[in-house]
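These notes concern the structure reproduced below.
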Amino acid sequence: MTNSTMLDPLSLWKTMYEQTETNFSEAIHETLEKEEYAELLGQVQNGFLQYQDLIQKTADTYLKQMNIPTREEISSVASLIINLEEKVESLDESIDEAELNQKALQEIGKLKSSITRLDRKMNQILQALSTNKDQESPAVAPEKTTQENNKNN
Amino acid sequence: MVNTKESVESFIDTMPEDYKSEYKRYQRVMNILTREPEPEVGQTPKEVIWTKNKAKLYRYQPNKQKTKKVPILMIYALINKPYILDLAPGSSLIEYLTDRGHDVYLLDWGTPGHEDRHMKFDDYVMDYIPRAIKKVLKKSEQDEISILGYCIGGTLTSIAAALHPNLPIRNLVFMTSPFDFSNAGLFSNWLDERYFNLDLMVDTLGNIPAETIDFGNKLLKPITNYFGPYVALANRADDDEFVKNWSLLQKWVEDGVPFPGEAYRQWIREFYQQNKLINDELYIRGQQVKLSNITANVLNIAADRDHIAIPQQTEKLMDKISSKDKTYKLVSAGHVSVTVGKRAPTTTYPLIEEWLTKRSN
């Protein structure tokens, strides 16, 4: 920071600002808080809007007389383009959804074939088990018979 | 022929050292205000991945390795430009997050034209945000998303999250976003429906000019906002780092966008004047907005010196949402300095990054 000198308008400004800021900020805030201020702001707003309306109407009348498109007319062309873009966007969304559905269908397809393979394997296991059981059955039967004979004895 | 500039400078050379340095400082201030080019903003590399009307969806640092699983979508306000989130290298939330492996996207609403004056909150919440979320999920190839909403962007995000409970939103970060308007400070006084002619304003102007919005915001602290920046510049014109940041921020402050007319009518009437959102009285395309529908993890950041979205406006959200994992954080900053400036990279950025990292894998 530079020291203040007699010829320093910036430092003078800063001092003024600091004093104003501290001394008047609160007073300004109190004013801004008042209902009267809101009312005044509303009156200024009305005046400003009436002026804007007058300017716009004058400009529109002039542009029409000069056969030059008004802001409204140009923006209606822009709206047509936006509507068209909206349709492209809808198509894009449909494609995205179709892609998503396609992926989902592919996943379901993969899941189906996995289940089918699993099903086949299960069948093979069951078949192998029953074959094994059939082969083991004659050997088990005499054993049981022997046990039964022993019990009977 | 006598060169006036040289004459003045040779005269200054004859003066004592103090005066010479004052003159140089004065010269520097004048150069900054009148001659120096505008600083470059938004320098983090990005690509556009989707557009709709004026809106653009950007993906940042697409070639950088993404180590955090859940992508982050940033939703900005309808006023000013979103490059405040990527102001300059070292002062960019986006750069900070992408450098730490986050996959960051930003929904930039663009600059509305006269043809967009009929745009409402309904359009943003129902047509833009859900679509942008789907685009992010598709691009990032993830099933869940984090959303960061700044200022009105956060309010929009909360409505979208409440209305679309089926969207896979895992985390929500709200940054200085107003939800409760029962006491909106000076705005509550100025926007009193007895004095503020809202309908005439929207019907006459169509879109509300950026200057009008800026005037309202600056009027909250008139001396600080209108003179403060120039006094600070005059005082610290020798400090290059300060001048650089000052120029960046001034560029952003003066680079506003118009507020779409119908959205403005809705914002003032249904939010500021009637406070519908927090009271479950807001309807968007006929659907009631219930903030209690929000179940995602929430980080709600407020700034203690914020005069635009004062902390009590943001805090109220915490009582309404159904999220089990929710954090409210009051940081020492203002509405803008929460994202830029000297302190943000050491306070706000790590706060957001660490909170998201814990919930992004």
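A short reminder: the numbers here are calculations on the coordinates, not readings from a lab. Bear in mind that the values here come from a model prediction, so they are computed numbers and not experimental data. Backbone-built Cβ (ideal geometry, glycine too); neighbour counts: all protein chains shown.
Structure notes:
- Seen from every direction in turn and averaged, the convex hull around the alpha carbons of the stretch B:46-358 projects onto 15.3 nm².
- Computed from label points 7 Å out along Cα-Cβ, the spacing between A:Thr70 and B:Lys64 is 5.0 nm.
- Once the Cα atoms are used to define both axes, helix B:348-358 deviates from the longest principal axis of chain B by about 30 degrees.
- Beta bridges from DSSP with both residues in the stretch B:46-358: antiparallel share about 35 percent, rounded to the nearest 5.
- Taking every residue in A:32-39 and counting other chain Cβ atoms within 10 Å of its Cβ, the average works out to 5.
- Spatially, the stretch A:115-136 and the stretch B:1-67 are offset by 80 Å when compared through their Cα centroids.
- Sites listed here are GluC sites (Glu not before Pro) in the stretch B:134-240 whose DSSP assignment is loop and whose Cβ has at most 14 other Cβ atoms within 10 Å: B:Glu141, B:Glu193.
- For the protein assembly as shown, the fraction of C-alpha pairs farther apart than 38 angstrom is 42 percent.
- Taking other residues whose beta carbon is less than 14 angstrom from the beta carbon of B:Pro222, and scoring Lys, Arg as +1 and Asp, Glu as -1, yields -3.
- Once the Cα atoms are used to define both axes, helix B:152-163 deviates from the longest principal axis of chain B by about 10 degrees.
- Estimated 222 nm signal from helices in chain B, with DSSP H stretches of n ≥ 4 weighted -39500 (n - 2.57), rounded to 500: -10500 deg cm²/dmol
- Under 13 Å, Cβ to Cβ, from B:Tyr124 - net charge with Lys/Arg +1 and Asp/Glu -1: -1
- Shielding value for B:188-198 is 5, the average number of Cβ atoms from other chains within 10 Å of each residue's Cβ.
- Entry note: the stretch B:18-127 has Rg to Rh equal to 1.15, where both radii use alpha-carbon atoms and Rh is the Kirkwood radius.
- As a rough footprinting exposure proxy, the listed residues B:Thr51, B:Thr4, B:Thr339 were ranked by other beta carbons within 10 Å of their own, and the order from fewest upward is B:Thr4, B:Thr51, B:Thr339.
- Among beta bridges that DSSP assigns inside the protein assembly as shown, antiparallel share in %, nearest 5: 35 percent
- Trypsin sites (Lys or Arg not before Pro) lying in DSSP loop within the stretch B:268-361, provided at most 11 other Cβ fall within 10 Å: B:Lys324
- Against the main long axis of the alpha-carbon atoms of chain B, helix B:240-253 sits at an angle near 50°.
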